[in-house]
Ligand code: ADP
Ligand code: MG
Ligand code: ZN
């Protein structure tokens, strides 16, 4: 990388502007008039009259507005020169001029200048504004060039000189505009209530989180939710996008953050929304300090942290931020008193998609017979933004066909248009995959439910997650427990193996979908043997030193090689028997497995209650308890 010249681009640019400014002034003040005048000789009015009478004058130009008379005359050496004198109110001059002869004996050319049409505005334009604009343009070009030379992904673009703080007095959005994000809305409702009435909270001494982080894939409605919070609370909405900070002058990001918080404090209660916070809040370690860009980001981040710590939460400034890459965020941002609340905004499930379609369909003329559920069913994995796009595409199609109402066919066609765009990104489960994932998840849930001492199932979903998981089964223990019994530990392992067991049982083969389960089952089985003394073979012998006091933390083996091998055998034995137990349970409940998997495939997300309801529903064929 060749970077001769100023190290600090900011200084170079300031230098450029100062130099350019001085040059501009000099040009305006000294050079321009000189250039325009050329080598004009000032003479007295008497001289002019005598030149006229002597017959040496050739051309005379009177400029009444400037108060000058400019004329050309031949001097003693026969050379033509330009002279200038003051315009004098001489009533005889016109007669004299008309009578005067030039050196060739012909009448002197006599003209006047038409009174000026250049208004002061034009003067300003040509004298100052245009040159300045030109200089600025040149400056910008120069900077672009310099930046290109400096290269690197962190090179700043100077196209924009500042990140705009957008303020909306009223966003005009409400929770009604956001469909299928009930959990997120619920979590944000408290913030709305706080903004409505901060004193209610303050009088008790309760303080709300200063910031909440909206986490989810693009297009799921994070920005929309933030706006809806402001709209619901009737407070102003300040927003700024993290990516804009990256494009700023060094030091500007921090200043802008300061500015943002100052403005917000004046307008409190209000919402401050920082979109794409990962672009400034990237983890500082391992980022590698290269170029001004990182410096800039770090300064901006530090300023953000300082501001968040500094302001008084009771004033009613709530900071919302959005990201789709929470794992890259600097830990400092997530500390208590900062963005300590995290609100997942996941891709919508079937019901959610239908609801989103309906919200957007309200904006266009839609045939009342349209079956939104059918559209929703065909769009598993689509985000809110994509669904909104589909409705619009459908409307466009209707217009193209000269219809005034959008019908089912338009929507189905639009689905294909839009899906073609994102299927490439591999986000959508094929029907076959969906079937496998459904059986896998129900496998976990069923094994969990059919064992005693196992945490109840709270939610099962086969909507792909931000984490990359294709589905999951959420178990929430009824009470916080500190002690793990041997039976519970074993049951957990059986539950982990339940997904794979279901795949084997139903499809006779299996997929890579169990890799995370395998990891977790192995870790638990290993700590049963090495740390919790839960195997007959090793009794209460300590076999590992624990790095972290938390269960599941990394532990390193502390035993002989021979023992290590025996440990592996013991771990394998536990997993195998848990796997067998899971298979047993599923075989005994295979009808329920089918019924529940079909239900999940249809609904994509089911609650623990729905799950238990179907499980406990008296069946045509009585199920055998394991
Ligand atoms: P994100 O910020 O998560 O990337 P946006 O909030 O910018 O997503 O969503 C873009 C657009 O998609 C919204 O303006 C809205 O029209 C539509 N949209 C996304 N999610 C929803 C939703 N849950 N309900 C209704 N519309 C949505
Ligand atoms: Mg957004
Ligand atoms: Zn699994």
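The values are calculated or read from the model by the stated rules, or taken from the named source; none is laboratory data. Remember, predicted model here, so these are calculated numbers, not experimental data. Quick reminder, even Gly has a Cβ in these numbers, built from the backbone with ideal geometry, and neighbours come from all protein chains shown.
Some observations on this one:
- Residue check, residue 139 over 30 Å from residue 43 (Cβ atoms), touching a helix residue (DSSP H, G or I) at 6+ places or on another chain (Cβ under 8 Å), part of a helix (DSSP H, G or I) and at pLDDT below 80: yes
- Within the stretch 30-43, considering residues that are in a loop (DSSP other than H, G, I, E, B) and exposed (fewer than 12 other Cβ atoms within 10 Å of the Cβ), the one modelled with the highest pLDDT: 39
- Pairs, first without any contact (Cβ under 8 Å) to a residue 12 or more places away in the chain in the stretch 258-276, second assigned to a helix (DSSP H, G or I) and more than 16 Å from ligand 2 (Cβ to nearest atom), C-beta under 8 Å, six or more apart: none
- Within the stretch 211-253, being more than 16 Å from ligand 1 (Cβ to nearest atom) and modelled with pLDDT under 80 holds for 245, 246, 247, 248, 249, 250, 251, 252, 253.
- All positions within the stretch 273-295 that are touching a helix residue (DSSP H, G or I) at 6+ places or on another chain (Cβ under 8 Å) and at pLDDT below 70: 283, 284, 287, 288, 289, 291, 292
- Residue pairs meeting the criteria (Cβ under 7 Å; at least 6 apart or on separate chains; first on the phi > 0 side of the Ramachandran plot, in the stretch 178-198; second in a helix (DSSP H, G or I) and more than 16 Å from ligand 2 (Cβ to nearest atom)): 180/351; 180/352; 180/353; 180/355
- Subset of the stretch 371-380 (residues that are assigned to a helix (DSSP H, G or I) and either at pLDDT 90 or above or over 28 Å from the mean Cα position of the chain (by Cα) (or both)): 372, 373, 374, 375, 377
- Yes/no for residue 180 being in contact with a strand residue (DSSP E or B) (Cβ under 6 Å, 6 or more places away or on another chain), modelled with pLDDT under 90, over 13 Å from residue 269 (Cα atoms) and buried (at least 19 other Cβ atoms within 10 Å of the Cβ): no
- Inside the stretch 200-210, residues that are touching a residue at least 24 places away in the same chain (Cβ under 8 Å) and either within 13 Å of ligand 1 (Cβ to nearest atom) or more than 18 Å from residue 186 (Cβ to Cβ) (or both) make up a count of 3.
- The condition (being touching a strand residue (DSSP E or B) at 6+ places or on another chain (Cβ under 7 Å) and within 16 Å of ligand 2 (Cβ to nearest atom)) is satisfied by just one residue among 216, 211, 221: 216.
- The C-beta contact set for the stretch 563-584 (first residue modelled with pLDDT under 95, second residue surrounded by fewer than 14 Cβ atoms within 10 Å (Cβ to Cβ), distance under 6 angstrom, 6+ apart or interchain) comprises 570/537.
- The stretch 344-387: number of residues that are surrounded by fewer than 22 Cβ atoms within 10 Å (Cβ to Cβ) and closer than 30 Å to residue 306 by Cα: 1
- From the options 495, 473, residue that is more than 16 Å from ligand 1 (Cβ to nearest atom), touching a strand residue (DSSP E or B) at 6+ places or on another chain (Cβ under 9 Å) and modelled with pLDDT of 85 or more: 495
- Residue match in the stretch 50-57 (condition: in contact with a helix residue (DSSP H, G or I) (Cβ under 6 Å, 6 or more places away or on another chain), in a strand (DSSP E or B) and at pLDDT 80 or above): yes
- So residue 146, is it surrounded by 14 or more Cβ atoms within 10 Å (Cβ to Cβ), assigned to a helix (DSSP H, G or I) and at pLDDT 80 or above: no
- Enumeration of residues in the stretch 317-367 that are over 30 Å from residue 404 (Cβ atoms), part of a loop (DSSP other than H, G, I, E, B) and either within 16 Å of ligand 3 (Cβ to nearest atom) or touching a residue at least 40 places away in the same chain (Cβ under 8 Å) (or both): 324, 325, 330, 337, 338, 339, 340, 345, 346, 347, 349
- Any hit, the stretch 448-470, residues being farther than 25 Å from residue 504 by Cα, within 16 Å of ligand 1 (Cβ to nearest atom) and either at pLDDT below 90 or under 38 Å from the mean Cα position of the chain (by Cα) (or both): yes
- Looking only at residues in the stretch 513-537 that are assigned to a loop (DSSP other than H, G, I, E, B) and buried (at least 18 other Cβ atoms within 10 Å of the Cβ), the one that is nearest to ligand 3 (Cβ to nearest atom) is 534.
- Among the residues of the stretch 381-438, those identified as under 30 Å from residue 504 (Cα atoms) and at pLDDT 90 or above are 435, 436, 437, 438.
- The lone exception for residue 212 - which of (1) under 18 Å from residue 352 (Cα atoms); (2) part of a strand (DSSP E or B) it fails: (1)
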